[in-house]
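Chemist: Take this structure, written in structure tokens, and hold onto it; I'll ask about it next.
The values are calculated or read from the model by the stated rules, or taken from the named source; none is laboratory data. All values derive from a computational prediction rather than experimental measurement. Here the Cβ positions follow ideal geometry from the backbone for every residue, glycine too, while neighbour counts run over all protein chains shown. The area values use the complete protein model at the heavy-atom level, side chains included, leaving out ligands, DNA and RNA. Shrake-Rupley method; radii C 1.70, N 1.55, O 1.52, S 1.80 Å.
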Amino acid sequence: MTPAPATAAAEWRAHWPVVLSGMIGMSFYAMLTYHFGLFIEPLQKEFGWDRASISLGLTIYTMSAVLFGPVIGALIDRIGSRKISIAGLAATALTLSALSFANGSLTQWYLLWLGIAITALAVKSTVWGAAVSSLFTTSRSLALSLTLTGTAIAQFCSPILANWLIAEQGWRAAYQWIGLGWGGIALVLVLFFFFDARDKQA
């Protein structure tokens, strides 16, 4: 006989840490776009770049997500969300903080953003959603919607945090604090609490 599906309450008791850690991981991915504009002015002042030249870095990031997102979907099917998310968070935290080493060369700036674009593919919404979907059936829609509220968290918190850090520590330190701090918190949560159905069966 086919076992009865778990109740929503049972699913949440068993898997709420996955949703929480996925939400924070999702917020780290989303905040890359929400604080970007706050760095434009200090970069203009330091290097004399125009707004369009600075923003091309973000364009590289967003276009890479569109073009190569399916590659991550295929990897999730092969090795699961957990391994991808751990590697992705660690690498994206480092590449984001590496923006603090910008030296005035636009070529270097674009290469740094290319690094972020590649590593951030592993922390896209696909990664978090796939794990949650594999564990929740009865309450899947609610679990997914809560996981994706990481975007709203980033939208609210990231500009406030970035503005404060830039004012108090400067734009270089702001990139380091956001990358290693926010990314580090997400990584710790994922290491301890983020699993998918494949991991639960192992």
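Chemist: Of VAL188, VAL66, which has the most accessible area and how do the rest follow, probe 1.4 Å?
Modeler: Working: VAL188 75, VAL66 105 Å².
Largest accessible area first, the residues go VAL66, VAL188.
Chemist: Compute the helix-to-body angle for 183-193: its Cα long axis versus the longest principal axis of the chain, expressed 0 to 90° and rounded to tens.
Modeler: Value to nearest ten degrees: 10.
Chemist: With springs connecting C-alpha atoms under 10 Å apart, model the chain as a Gaussian network and identify which of GLY25, GLY57, GLY104 has the largest mean-square fluctuation.
Modeler: Of GLY25, GLY57, GLY104, the Gaussian network model singles out GLY104 as fluctuating most.
Chemist: Next question. Taking the Cα centre of region 106-202 as the origin and placing charges on Cβ (Lys, Arg +1; Asp, Glu -1), which of TRP182, SER133, GLY170 is farthest toward the positive end of the dipole?
Modeler: Comparing the listed Cα positions along the dipole, SER133 ranks first.
Chemist: For a quick check, take a GNM of the chain with Cα springs below 10 Å and name the residue from LYS45, LYS124, LYS83 with the largest mean-square fluctuation.
Modeler: LYS45
Chemist: Say each of ARG198 and THR62 gets a label point 7 Å from the Cα, pointing the same way as Cα to Cβ; how far apart are those two points in nm?
Modeler: With each label point 7 Å from Cα toward Cβ, the separation is 3.1 nm.
Chemist: Tell me, what is the 1.4 Å probe accessible area of TRP16, in Å² to the nearest 10?
Modeler: That residue has around 130 Å² of solvent-accessible surface.
Chemist: In addition: How much accessible surface does VAL71 have with a 1.4 Å probe, in Å² rounded to 10?
Modeler: Surface open to solvent at VAL71 totals about 80 Å².
Chemist: Largest first, what is the accessible-area ranking of ASP77, ASP199 with a 1.4 Å probe? The partial results should precede the final answer.
Modeler: Values: ASP77 120, ASP199 50 Å².
Accessible-area ranking of ASP77, ASP199, largest first: ASP77, ASP199.
Chemist: Also: Suppose only helical runs count, i.e. DSSP H with n ≥ 4. What mean residue ellipticity at 222 nm does that imply for the chain under -39500 (n - 2.57) per run, divided by all residues and rounded to the nearest 500 deg cm²/dmol? Please report the intermediate quantities before stating the final value.
Modeler: Numbers: 11 runs with 162 residues, N = 202.
Taken over the chain, the calculation gives -26000 deg cm²/dmol.
Chemist: Follow-up. For ILE185 and ARG140, FRET efficiency with R0 = 35 Å and r from the beta-carbon atoms, rounded to 0.05? Could the numbers behind the result be given before it?
Modeler: On the way: r = 26 Å, r/R0 = 0.75.
Result of the calculation: an efficiency of 0.85.
Chemist: Would you compute the Debye intensity of the chain from its alpha-carbon atoms alone, equal scatterers and no solvent, and pass along log10 I(q)/I(0) at q = 0.11 Å⁻¹ to two decimals?
Modeler: Values, matching the q order: -0.52.
Chemist: Next question. Give the angle, between 0 and 90 degrees and rounded to the nearest 10, that separates the Cα long axis of helix 36-47 from the longest principal axis of the Cα atoms of the chain.
Modeler: 30
Chemist: Nothing charged except the Cβ atoms of Lys and Arg (+1) and of Asp and Glu (-1): what's the magnitude of the dipole of region 68-202 about its Cα centre? Round to the nearest 20 debye. It would help to have the intermediate numbers written out before the result.
Modeler: On the way: 8 positive and 4 negative charges, 56 e Å.
Dipole about the Cα centre, nearest 20: 260 debye.
Chemist: Ok, one more. When all protein chains stay in place, what accessible area (Å², nearest 10, 1.4 Å probe) is found for PHE195?
Modeler: 60
Chemist: In region 123-147, whose amide N lies under 13 Å from the spot 7 Å out along Cα-to-Cβ of ILE79? List them in ranges.
Modeler: The answer is 123, whose backbone nitrogens lie closer than 13 Å to the label point.
Chemist: By how many nm would the segment from GLN108 to ALA173 grow when fully extended, if each residue of separation counts as 0.36 nm and the alpha-carbon distance is taken off?
Modeler: On the way: separation 65, 0.36 × 65 = 23.40 nm, distance 1.83 nm.
In short, 21.6 nm is gained.
Chemist: When only alpha-carbon atoms count, how far does region 1-91 stretch along each of its three principal axes, as whole angstroms with the largest first?
Modeler: That gives 69, 26, 19 Å along the principal axes, largest extent first.
Chemist: Another one. Got the relative contact order for region 51-202 handy, in percent, Cα pairs under 8 Å and 6 or more residues apart? Intermediate results must be reported in sequence, preceding the final value.
Modeler: Details: 150 pairs, mean separation 54.3, N = 152.
Once normalised by length, the contact order is 36 percent.
Chemist: How long is region 96-202 along each principal axis, judged by its Cα atoms, biggest number first, in Å?
Modeler: Result for region 96-202: principal-axis Cα extents of 51, 27, 21 Å.
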